[in-house]
Every structure is written in structure tokens, then in C-alpha cells.
1. Looking at chain A, identify the longest residue range that excludes and avoids all GluC sites (Glu not before Pro) in DSSP loops having at most 16 other Cβ atoms within 10 Å.
2. How many nm is it between the label spots at A:THR18 and B:ILE77, if each spot is 7 Å from the Cα in line with the beta carbon?
3. Count the DSSP beta bridges whose two residues both fall in chain A, then state the antiparallel fraction as a percent rounded to the nearest 5.
4. Most fluctuating residue of A:LYS113, A:LYS149, A:LYS167 in a GNM of chain A with Cα springs under 10 Å: which is it?
5. Chymotrypsin sites (Phe, Trp or Tyr not before Pro) within the stretch B:1-32: which are DSSP loop residues with at most 15 other Cβ atoms inside 10 Å?
6. Would you mind classifying the stretch A:27-71 by shape? Square roots of the alpha carbon gyration tensor eigenvalues, ordered a ≥ b ≥ c; an a/c under 1.5 is rounded, otherwise it is prolate if a/b is larger than b/c and oblate if not.
7. Using alpha carbon centroids, what distance separates the stretch A:139-165 and the stretch B:135-169, in Å?
8. Gap in Å between the Cα centre of the stretch A:1-51 and the Cα centre of the stretch A:73-109?
Amino acid sequence: MLRVDIEKQLGEFTLAATFSSEGRVIGLFGASGAGKSSLVNMIAGLLRPDRGTIVIDGETVDDTAAGIHVPAWRRRIGYVFQDARLFPHLNVAQNLDYGRRMNGLPSDPAQHKRIIDLLDIGALQGRRPGKLSGGERQRVALGRALLSKPRLLLLDEPLGALDEGRKLEILPYLVRLRDEANVPMVYVSHDVAELRQLATQIVMLKEGRVTSFGGVKVLT
Amino acid sequence: MFEISPAEWTAILLSLRVAVVATLVATPFGIALAWLLARHDFWGKSFLDAVVHLPLVLPPVVTGYLLLLTFGRKGLIGGFLADTLGIVFAFRWTGAALACGLMSFPLLVRPMRLSIEAIDRKLEQAAETLGAAPWKVFFTVTLPLALPGVLAGMVLGFAKAIGEFGATITFVSNIPGETQTISSAIYSLIQTPDGDAAAGRLVIVSIILALGALIAAEWFARRATARLHGN
């Protein structure tokens, strides 16, 4: 599903990560500053590796030796950021529809309804992002990413900006996504409890290097 | 007292036409340049930035004279345009529009650039991850969010264009009905015996137009802020 073998120099910091996974939810675990976000940005195509390869679902999206770099907009990935990043000039319905429009996909009412029900965001459709709570915003961001029909969903600390109560509000939705949405995910977090609930495989990152890789047991 | 004569109307309407055309033609160039300066680093960027601001600090008569040299009938570009496309600038209202567009360009570009710079790049990245090609990102995210700034720039540019004097009179002279704008009409009137009343009326008209434009620009700027916060 996902194969990563890259190196990237970011100022003083060297990121050198190698792993390969077929897992449904790859948990990318590490302290802040371990290089998690940079690694996810590279998988997304927002950051270019200095050396190495990234393969998503059999397609080589980065191969520095062969001069391959597929831009983010052609990777068919979904990306949920810590800070939601909803488009402030569009309402919720327009935000949700954005990926479908940009990819020129035909409308798929059944899928649309399923995801909106799954995330409980039907009642928010006419609102502007400025009028949503943090938890609602994050649910809409999840819906927006999923509705672009990605082959891989990247989640960069999607609960990081929320307080405990809101986290508990969103976690069940993420569990449902994992079990029902049928999209493989890379889930970035520094929270062991979160990853225990969600991940099926763990990549542990420390100071820019993969220190362990395996089942959720490596977290103990 | 406030009876505007047909001759004064001619000058007012010509000024409006010149300023509207100048603003509309300058806007796409202004947006492109604002985006280039706000979102890209390239060799010669500060030089380009300086050139854009040049009309603001150069004596207007110099700009007008340079226009005459390049866009006059015998000028390098003016001669070519007149011979091939039949477009003549010298001593025509189109020349006044060119002079006004150039002189107001720095004011038009500035709010556009600031509003593009104020847009969080992360939103553009989010659009990219959702499958939007760079030009789609520009038209669906960058431009809509910058729109109030774009309009503010257009309003400011328009206000400046309507008041332009030095470059216009140097380039296209002061021909009633063809190139005599409000400013050059006032200039003629105050040199004419008994022209004071007419000049006074045109002065009031210019103040109203300028104030209206500034208030409109301010309103658009406030809308921009609200839009960026998603309210």
C-alpha cells in the first residue's frame, strides 16, 4: 500500500525514513520535532525528498533517481490537517464538494450521504467555517478529504488542536471511518492512547529516524 | 450656482471614461503582478518592484514625456501600433487612459498584493491535496479570498486615474472633448478670467469622486478581513 524510503535535509535536521506497510491504519508515532509532519508532507507531495522513493498503491509518486515527482494535486490523497484548513469563503456544503469538483468526478449521492451520515455533518451544510466549533470543523475537514475519493488518507494530528472533551467527541468517528470507509490511512500522533485505539501498525519516529516498526505492541 | 455647464459635463464624462478604461485594462495586469510579487521569489524581484513604483516618485511630466517618446506616432511602440493595428495614443483620449493607467498602477497593485500576501498559504496547499491544479487553486481559493483587496485596488486606481494631470497633459495635451479631463479643465479655467466659478464646481466634483472612492476602498478592505475569517 505504502512504501517510503526517503532522505531530506531540513536545516540542521536530517530526516531519513524507510518503511513499507500494507496496514489499514499506519500510526506514525513520535515526539514533536521527530519529523512526523515533514514525512507526511512528503507523502502528500507538498515537500520534495532530497533522495529516495515513495510508492502509493503501486504507483511511484517520488523517485529522485528517475526524476519522478508527482505533484500533490495528482496524487489522489486526502489530507486532514491539525488546523482543518476549511476554505473560509465557502460554506460547509461547498467545502465538502470541492474535491469532487476539482477532480472532475461525477456526483455520487449515495457516497455523499454515507459520509455525511457517518460524520454527522448534515445539519452544518449551510454554515460558514467561522461559525463552526473546533470539533465540527475537524469533522467537515474529514468529510471533505474523503469525498475527493482518495486512495490514501493522511491525518496529521487531527485531534491535536482540540481539548479532551472534543477529542472524545471525534474519536468514535475516526474508529467508524477506519471500519467503514475502506480507505487506508496514515495517522500521525504523539498520543499513545489515540494510536492504540486506531492504528493497526506503528511506525515509530525519533529524531528523524524510524526506530521501530510493527504492530500496536511496539507502543508498550 | 451649482449648474454644471455642457462643457464641464464633457470634461467630467471624459474623465470617467478615461479612468474606467484605464482601471479595467490595468486590473488583469495588476492582479498578475501582485500575485507574482506576493507568491514568488525570483531574480530581479526588487528591481521589478521598484519599476512598478516608479510612476509614484518620478515627476509626472517625465512619465508623460517618456510616453510621448515611446507611444507617440513616431515612437517605437506607438509607430508600430499605429501602422499595424491602427491604434493611436498621441493626442487621443486613449492616450489619456494609457497615461492614467500607468500613473495609477502602483496604487492599484498595492492592495492586491497585500491581500494576496495575507492569504494563508496552507489553504492553497489544502486545495492542492484535494486535487486542484495550480491554476484552479488560483481561481478557486486565492482570487476569491483576495477579491476585496482586488476591488480596493481598482477603486484606488480609479480615484488616482480620475485626478491624474501631469503625465496626461504632457502626453496628450489639453484638447476639449478629446483629452481635456477634469484636472486639465480646472487648469485651463483658473487661467481664464471669470473661470473661478466653473473651476470651483469641478473642484467640488473631484473632491466628491475622490472621497467616495476612498470610502469604498476602506469598505472593501474591511470586507476582506471578514472574508478571511470565514464569517
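1. My reading of the result: A:23-206 is the longest stretch.
2. 5.8
3. Antiparallel bridges make up about 60 percent of those DSSP assigns within chain A.
4. A:LYS113
5. Here the chymotrypsin sites (Phe, Trp or Tyr not before Pro) that fit, given the DSSP loop and packing criteria, are B:PHE2.
6. Details: a/c = 2.48, a/b = 1.85, b/c = 1.34.
Verdict is prolate for the stretch A:27-71.
7. 37
8. Distance between centres, Cα-based: 24 Å.
Bear in mind that the values in this text are calculations on the coordinates, not laboratory data. Nothing here was measured: the structure is a model prediction, and the numbers come from that model. We place every Cβ from the backbone using ideal geometry, glycine too, and count neighbours over all the protein chains shown.
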